[in-house]
Amino acid sequence: MARDGKQTDIEPRGTNGRLERLPTADLEANDEFLTTFRAWANGPLTQAANARAREIMTARGIDPEAEMPLARAFEPFADDAVIQARHHVWLHAQNLMWRNLRRELHDNYDGYMAEMEAADASGPGTLELNPNLAIPDYATHEIHLQPGGYVGDPFAGHLYHYGTNNFYTGRNNQDELHRRYASSVPAPADKTVRRILDQGCGCGQMSVALKERFPNAEVWGIDVSGPMVRYAHMRAVDLGVDVRFAQRLAEDCKFPDGHFDIVTSYILHHEVTAEASRGITREAHRVLRAGGIYYPIDINTAGTRGMVAGAGPFNQVRNWMSHRWTHERWLFEYNSFDHATETRRVGFEVTEDGSSSGMGGVRGNILGVKRA
Amino acid sequence: MAETKGKRQEYTTDFIKADIGNVSFLGNVHIDNIMTALIAMGAEIWTDRRRIRVLESLLEKKGVTRDMVEQYVPTAEEEATWKKEREVLVDRMYGQFARQGSEFNISSDWKNK
């Protein structure tokens with residue numbers, strides 16, 4: 001991250017492996033505290049909340065697996081101090097993390113903008129921005145409470161990268177997950193991999209990992225967000241990895257028919273509508289050549305378990321908290337979406353034994369092959 | 001359409017804002033705010049403690065060891081000064097606990113003389 005408007009690619013505190021250190025020791029300490037705090041909120045505090053929920057349901061004779069109308073599902077847990085505290089700290093610690101990062105970026109606006117502008121035309125790799133792109137409404141929400149969402153803040157890529165490092169509680173600071181999933185992407189049966197498309201590439205971690213896995217292939221990362229692909233390109237330049245980033249829609253990517261050998265994505269589908277998800281899958285089918293691999297990595301795309309395993313009133317409440325208050329806007333559409341069936345419908349031969357995103361801790365992703 | 005700020009092209013667009021600022025999870029927005037402030041305070045405490053750890057490490061390289069810090073015995077003058085500082089800190093942080101605070105509510109009028 002840069003702080004001086006006159007210079008570019010400033011790393012005032014150097015790098016930690018692949019990750020540029022945050023620009024001040026205080027911000028880094030603040031961020032690491034909130035990361036540790038998130039791990040505590042997701043671990044011991046959530047376990048305590050789950051235990052309280054079980055006790056409440058037992059005391060009231062509620063079947064913990066039975067669905068009930070959502071309005072009624074809230075009532076048994078509404079006055080419990082542990083459950084309410086868990087809801088609060090989970091959300092507001094996340095909000096504090098975003099606020100601190102955003103303040104640093106906007107307080108030093110000129111420096112960070114100058115850094116991206118200098119990288120725009122640098123290589124390796126290329127960057128294509130499209131200020132006239134019509135952004136679909138579904139992409140304009142502040143998902144995960146990220147300030148400005150993916151499209152409304154010029155530093156959306158910076159925010160997303162460091163914010164998701166907090167979500168991963170430090171397990172992805174070196175792109176470990178993206179590299180693991182890139183290594184799990186199968187090559188087509190004929191082993192020919194000339195071109196790869198990473199749909200909804202965000203800040204570019206998967207695209208970079210794919211290029212490192214397939215160094216002879218031309219790798220494209222596309223995203224609806226200009227700030228995201230700008231940051232992705234800047235970071236790839238810093239890492240010396242040759243990726244082509246472009247601001248394009250995954251459901252209308254403008255590449256020729258049969259252009260790619262592999263089309264993949266990383267946790268894209270649960271952030272879009274069911275309609276968009278179908279369009280993205282159709283587009284993947286169109287741009288893949290016969291025998292090409294479709295590998296959309298997301299949370300439990302095999303089957304219909306969606307983002308929260310299990311049923312019952314407390315899981316209904318937790319789903320609602322994610323949907324309504326962390327602004328996982330399309331969670332319910334995602335949970336009700338049968339990816340395997342939809343992917344078969346557009347013409348792929350589908351198996352359901354790929355790796356999952358790892359966020360749900362359950363293996364079970366689909367893998368599609370375009371029929372000859 | 002992408003937006004600009006001054007001469008800079010930002011490639012941003014309008015977005016739908018989250019409304020988490022309008023919800024209370026703890027039954028009273030003041031309690032929610034205090035809880036959030038406590039989380040933020042924890043981050044500030046760690047930020048200072050981490051800086052102290054860095055200073056200790058750097059001092060150690062100059063011959064001032066962490067054990068010397070542990071074994072340090074304040075002078076009588078320091079003891080007296082620190083005691084006063086602690087008393088101020090305690091009063092500043094916990095003085096509110098001595099507040100009665102239940103005589104009026106928000107709609108109470110002036111007390112008759």
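The values are calculated or read from the model by the stated rules, or taken from the named source; none is laboratory data. This structure is a prediction, so every number in the text was calculated from the model and none was measured. Here the Cβ positions follow ideal geometry from the backbone for every residue, glycine too, while neighbour counts run over all protein chains shown.
Can you confirm whether A:Tyr162 is within 23 Å of A:Asn95 (Cα to Cα) and away from chain B (no Cβ under 13 Å)? Criteria met by A:Tyr162.
For segment A:216-252, a residue qualifies if it is touching a Gly at 6+ places or on another chain (Cβ under 7 Å), under 23 Å from A:Val272 (Cβ atoms) and more than 14 Å from chain B (Cβ to nearest Cβ), and the qualifying residues are A:Gly221, A:Val243, A:Arg244, A:Ala250, A:Glu251.
If you filter segment A:182-198 down to residues that are assigned to a strand (DSSP E or B) and touching an Asp or Glu at 6+ places or on another chain (Cβ under 8 Å), you find that the one that is surrounded by the most Cβ atoms within 10 Å (Cβ to Cβ) is A:Ile196.
B:Arg66 passes every criterion in (1) at the interface with chain A (Cβ under 9 Å from one of its Cβ atoms); (2) of a type outside the set (Ser, Thr, Tyr); (3) exposed (fewer than 15 other Cβ atoms within 10 Å of the Cβ) apart from (1). The single condition among (1) within 22 Å of B:Ala18 (Cβ to Cβ); (2) surrounded by 14 or more Cβ atoms within 10 Å (Cβ to Cβ) that A:Leu70 does not meet is (2).
In segment A:22-31, of all residues being in contact (Cβ under 8 Å) with a residue 24 or more places away in the chain and either more than 16 Å from A:Arg102 (Cβ to Cβ) or over 22 Å from the mean Cα position of the chain (by Cα) (or both), the one that is surrounded by the most Cβ atoms within 10 Å (Cβ to Cβ) corresponds to A:Asn30. With a requirement of 2 or more residues that are without any contact (Cβ under 8 Å) to a residue 60 or more places away in the chain, within 30 Å of A:Met321 (Cβ to Cβ) and within 27 Å of the chain's Cα centre (by Cα), the helices (runs of 4 or more DSSP H) lying completely within chain B that satisfy it span B:29-61. Among the residues of segment B:81-111, the one identified as surrounded by 10 or more Cβ atoms within 10 Å (Cβ to Cβ) and either at positive phi or modelled with pLDDT of 95 or more (or both) is B:Thr81.
Applying the condition of being of a type in the set (A, V, I, L, M, F, W, C) and in a helix (DSSP H, G or I) to segment A:104-143 and asking which residue is nearest to the other protein chains (Cβ to nearest Cβ) yields A:Met113.
Results for (1) over 22 Å from A:Arg103 (Cβ atoms); (2) surrounded by fewer than 18 Cβ atoms within 10 Å (Cβ to Cβ); (3) not hydroxyl-bearing (Ser, Thr, Tyr), shown as yes or no for each residue.
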| residue | (1), (2), (3) |
| --- | --- |
| A:Glu142 | no, no, yes |
| A:Gly163 | no, no, yes |
| A:Arg171 | yes, yes, yes |
| A:Arg180 | yes, yes, yes |
| A:Tyr231 | no, no, no |
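I'd like to know if segment B:44-56 contains one or more residues that are under 30 Å from A:Gly152 (Cβ atoms) and within 14 Å of chain A (Cβ to nearest Cβ). Yes; the residues of segment B:44-56 include at least one that is under 30 Å from A:Gly152 (Cβ atoms) and within 14 Å of chain A (Cβ to nearest Cβ). Restricting A:Glu104, A:Glu28, A:Glu32, A:Glu55 to residues that are over 26 Å from B:Thr36 (Cβ atoms) and not basic (Lys, Arg) narrows the list to A:Glu55. For segment A:37-51, the criterion of a residue being part of a helix (DSSP H, G or I), at pLDDT 95 or above, farther than 24 Å from B:Trp46 by Cα and not aliphatic (A, V, I, L, M) is satisfied by no position. In this structure, does A:Gln94 turn out to be surrounded by 15 or more Cβ atoms within 10 Å (Cβ to Cβ) and closer than 30 Å to A:Ile56 by Cα? Answer is yes for this residue. The selection criterion, being modelled with pLDDT under 95, assigned to a helix (DSSP H, G or I), more than 21 Å from A:Met234 (Cβ to Cβ) and of a type outside the set (Asp, Glu), does not hold for A:Arg171.
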